[in-house]
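Report on the following structure.
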Amino acid sequence: MSAEMNEKAASGLKKTWCTSATFAVNLGRRLKILGRYGLACWQQQKLKCALGKLGDQTFKALEAGEANPLTAPEVNAAVQKAKELKERKEKNYQAIQAIRERIKGSCVVATPDQPGGIDENPEVP
């Protein structure tokens, strides 16, 4: 009887350890997502500033008598900067999505037929 109890206790301890480890890893991933969101907000502010400068420089080029203000070197540089900021922000959101997929893949839901099997992954907010 005691060997059976020891086996059950070891099994329960192992399950608790695995669940705790998964929780800790996913907590770290969620903190990483939070940091990425903070970075995305900062990048959005930089993008707004860059687009404001782009509009201002376009207006100045029009006042200077440019027929096509996008050909002016200052305006062209501002357009390139805005494009780069948008690309960086998009890469950040792609990284967030990849982290979410890793979290989703690590969530295991036990079923009555298979105690360790995966029925379906719960939705990650």
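The values are calculated or read from the model by the stated rules, or taken from the named source; none is laboratory data. Just so you know, these numbers come straight off a predicted model, no measurement behind them. With ideal geometry, Cβ positions are generated from the backbone for all residues, glycine too; neighbour counts draw on all protein chains shown.
Considering only residues that are surrounded by 13 or more Cβ atoms within 10 Å (Cβ to Cβ) and of a type in the set (Gly, Ala, Ser), which ones fall in segment 40-59?
40, 50, listed by residue number.
What are the pairs, 6+ residues apart or on separate chains, where a residue within segment 3-28 that is within 24 Å of residue 99 (Cβ to Cβ) has its Cβ under 8 Å from a residue that is part of a helix (DSSP H, G or I)?
Note: pairs meeting the criteria are 22/106; 25/106; 26/103; 26/106.
Would you check if there is a residue in segment 10-20 being exposed (fewer than 11 other Cβ atoms within 10 Å of the Cβ) and under 26 Å from the mean Cα position of the chain (by Cα)?
Checked against the condition, which is being exposed (fewer than 11 other Cβ atoms within 10 Å of the Cβ) and under 26 Å from the mean Cα position of the chain (by Cα), segment 10-20 yields at least one hit.
Test residue 78 against the criterion of being part of a helix (DSSP H, G or I), of a type outside the set (Lys, Arg) and over 16 Å from the mean Cα position of the chain (by Cα), and give yes or no.
Taking the combined requirement at face value, the residue satisfies it.
Is it true that some residue in segment 81-98 is closer than 30 Å to residue 29 by Cα, hydrophobic (A, V, I, L, M, F, W, C) and touching a Phe, Trp or Tyr at 6+ places or on another chain (Cβ under 9 Å)?
Scanning segment 81-98 turns up at least one residue that is closer than 30 Å to residue 29 by Cα, hydrophobic (A, V, I, L, M, F, W, C) and touching a Phe, Trp or Tyr at 6+ places or on another chain (Cβ under 9 Å).
Being in a loop (DSSP other than H, G, I, E, B) and surrounded by 11 or more Cβ atoms within 10 Å (Cβ to Cβ) narrows it down to one of 90, 66, so name that one.
Selected residue: 66, the only one of 90, 66 that is in a loop (DSSP other than H, G, I, E, B) and surrounded by 11 or more Cβ atoms within 10 Å (Cβ to Cβ).
Being out of contact with any Ser or Thr (no Cβ under 9 Å at 6 or more places or on another chain), aliphatic (A, V, I, L, M) and at pLDDT 90 or above is the requirement here; does residue 110 meet it?
no
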